[in-house]
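Here is the structure we will look at, set down as structure tokens.
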Amino acid sequence: MHGPMTKALVGFYLLLVLALLAAAVGIWRLHCESFGCMGIGVAWIAWVVSFLVVLGIGLFTRSKVASVVSLARICKTIWWLQLAVGSVLLIVWVAKKAT
């Protein structure tokens, strides 16, 4: 798989990761009021499901662009960025639950 489709796939994956990041910031900034706390929890659950779907898309993308060195490097960087964002949010969540 070479050419414009490969670049489009990497670009699509980058957009998905940026959307995940924007959604995480948006959910983080929500205020908890009465039943709104439950809504925030549901939003985080939806975010986690989306994170896992995008992670799968990232693995698929990495496998498709492995033969194109420059795109493989970019895709790998995006994948590690996604894992870093997910890890930081998981650590923060565990730390908040511990207190």
Among the residues of region 33-71 satisfying the criterion of being over 16 Å from Leu16 (Cα atoms) and of a type in the set (S, T, N, Q), which is modelled with the lowest pLDDT?
-> Ser34
Which residue pairs have Cβ atoms under 8 Å apart, sit 6 or more places apart or on different chains, and have a first residue in region 1-30 that is closer than 15 Å to Ala66 by Cα and a second that is in a helix (DSSP H, G or I) and of a type in the set (Ser, Thr, Tyr)?
-> Leu9/Thr61; Val10/Thr61; Tyr13/Thr61
Are any residues in region 42-60 surrounded by 12 or more Cβ atoms within 10 Å (Cβ to Cβ) and not aliphatic (A, V, I, L, M), and if so, which ones?
-> Trp44, Trp47, Ser50, Phe51, Gly58, Phe60
Among (1) surrounded by 11 or more Cβ atoms within 10 Å (Cβ to Cβ); (2) under 19 Å from Ala22 (Cα atoms) - the single one Ala84 does not satisfy = (1)
So Leu71, is it farther than 20 Å from Val88 by Cα, surrounded by 12 or more Cβ atoms within 10 Å (Cβ to Cβ) and in contact (Cβ under 8 Å) with a residue 24 or more places away in the chain = yes
Of the residues in region 68-99, those that are over 17 Å from Tyr13 (Cα atoms) and either touching a strand residue (DSSP E or B) at 6+ places or on another chain (Cβ under 9 Å) or among the hydroxyl-bearing types (Ser, Thr, Tyr) (or both) come to Ser87, Thr99
Can you tell me which of Leu16, Leu30 is among the aliphatic types (A, V, I, L, M), surrounded by 13 or more Cβ atoms within 10 Å (Cβ to Cβ) and modelled with pLDDT of 90 or more?
-> Leu16
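The values are calculated or read from the model by the stated rules, or taken from the named source; none is laboratory data. All of these numbers come straight from a predicted model, not from anything done at the bench. Positions of Cβ are generated from backbone atoms using ideal geometry, with glycine treated the same way; all protein chains shown enter the neighbour counts.
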